[in-house]
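Participant: I have a structure I would like to understand better, so I am pasting it below and will then ask my questions one at a time.
The values are calculated or read from the model by the stated rules, or taken from the named source; none is laboratory data. Please read all numbers here as calculations on a predicted model, not as lab measurements. All Cβ positions, even for glycine, are placed from backbone atoms using ideal geometry, and neighbour counts span all protein chains on display.
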Amino acid sequence: MTGNGAAGGGAVLLGIESSCDETAAAVTAGGRTALSNVIASQIDVHKVFGGVVPEIAARHHLTAVNGVVSAALSEAGICARDVDAIAVTKGPGLVGAVLIGLATAKAMAFALGKPLIGVHHIRGHICAAFLEHPALEPPFLSLVVSGGHTSLVDVRDYREMDVLGATRDDAAGEAWDKVARVLGLGYPGGPKVDALAKEGDAAAAPFKRVLLEKDSLDFSFSGIKTGVMNYVNSMNQAGTPWNPADAAAGFQQAVIDVLAAKTALALERTGRRTLTLSGGVAANTALRARMRAECERLGVRIFIPSPIYCTDNAAMIACAGYYDFIGGHTDGLDLDASAVLSMSE
Ligand code: KG4
Ligand code: ZN
């Protein structure tokens, strides 16, 4: 199989992602069709530390990346020389981790004489929604909820995106992970809180919703983590029996209420009638169900990627890179890795 190069339409892209604790490579055709999606997770490596250790993450990316890229190419049934371009996460993320994927992509682009495309990680998360939904076209509003970001983004076009609001402190995923620690569930916290909350009663452990200023589209989640911590401590000090499942459900309900309220405000303000939900926390069962219900109530179309495309993956990077490629937006081999990167860079 070969790509069709400058013609663009069915262009075959290799995507590489290494911004946190997943080493990932994928091949897409025509941007939206994933021919492969290989993810090597480092969960077991970081579990003992209760969170991602940046230096260890970088070392593991280094040992995993070549094998992951080879697997992605062979699963897609192509050779490296068949790709039309190589897309890679350029940031934001753990800079030592981003550098491994970037150096790999640069070396391949140079050796193969293929264009290199640096992709903003959050734009990748937003583009994940294109992979399984052919009907989805910009403009739309996107709620991005990941371990490092919580943002409401107005997606005007495939490459034109404006951040309307973002977290002022912890990202939603960070709150999920910290609450998991408080509840003794360990790392990675999000999926564990998700599962435990299903057995709990949110009304039995209510937590304060922080909505900030009435008209603000920003978020704040650091208080809720303290709220859960105080709840656990006060119950333990008083010797009152409490149910961790109720605390998990109450925490989720409070955060999801805030996400739903701010998203409804952003939909109203922008007049958008389509919403996408992206990022690792978009894998959360309760959040998915609630956002679907809210959108039905508001008469808004909603598209949510399958959980495997919500958490970090490289198909989303290849998809975003495709829209750069067909627009002629490629990068030089001097492309840098960035720990912090605004969506306009
Ligand atoms: O997008 P992602 O894979 O990496 C970043 O770009 O940060 O997001 C990871 C975050 C973690 O905080 C993880 O706990 C959270 O997504 N997460 C979840 C679920 N699955 C992953 N949070 C809540 N419920 C889940 N099912
Ligand atoms: Zn991510």
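Participant: Take ILE16 and decide whether it is under 22 Å from SER146 (Cα atoms) and modelled with pLDDT of 95 or more.
Facilitator: yes
Participant: Pick out, from the stretch 83-168, the strands (runs of 3 or more DSSP E) lying fully within it that include 1 or more residues that are of a type in the set (Phe, Trp, Tyr).
Facilitator: Where strands (runs of 3 or more DSSP E) fall fully within the stretch 83-168 and carry at least 1 residues being of a type in the set (Phe, Trp, Tyr), they are 140-145.
Participant: Just give me the residues in the stretch 163-181 being in contact (Cβ under 8 Å) with a residue 60 or more places away in the chain and away from ligand 2 (no atom under 15 Å from the Cβ), in sequence order.
Facilitator: VAL163, LEU164, GLY165, ALA175, VAL179, ARG181
Participant: Taking the conditions exactly as written (surrounded by fewer than 23 Cβ atoms within 10 Å (Cβ to Cβ), more than 9 Å from ligand 1 (Cβ to nearest atom), touching a residue at least 24 places away in the same chain (Cβ under 8 Å) and of a type outside the set (Ser, Thr, Tyr)), does LEU131 satisfy them or not?
Facilitator: no
Participant: Looking at SER220, is it surrounded by 14 or more Cβ atoms within 10 Å (Cβ to Cβ), among the polar types (S, T, N, Q) and either under 25 Å from the mean Cα position of the chain (by Cα) or at pLDDT 95 or above (or both)?
Facilitator: Working: surrounded by 14 or more Cβ atoms within 10 Å (Cβ to Cβ): yes; among the polar types (S, T, N, Q): yes; either under 25 Å from the mean Cα position of the chain (by Cα) or at pLDDT 95 or above (or both): yes.
Here the answer is yes, as SER220 does meet what is asked.
Participant: Taking only pairs six or more apart or across chains, which ones have beta-carbon atoms under 7 Å, a first residue in the stretch 30-47 that is modelled with pLDDT under 95, and a second residue that is buried (at least 18 other Cβ atoms within 10 Å of the Cβ) and among the aromatic types (Phe, Trp, Tyr)?
Facilitator: Note: pairs meeting the criteria are HIS46/TYR187; LYS47/TYR187.
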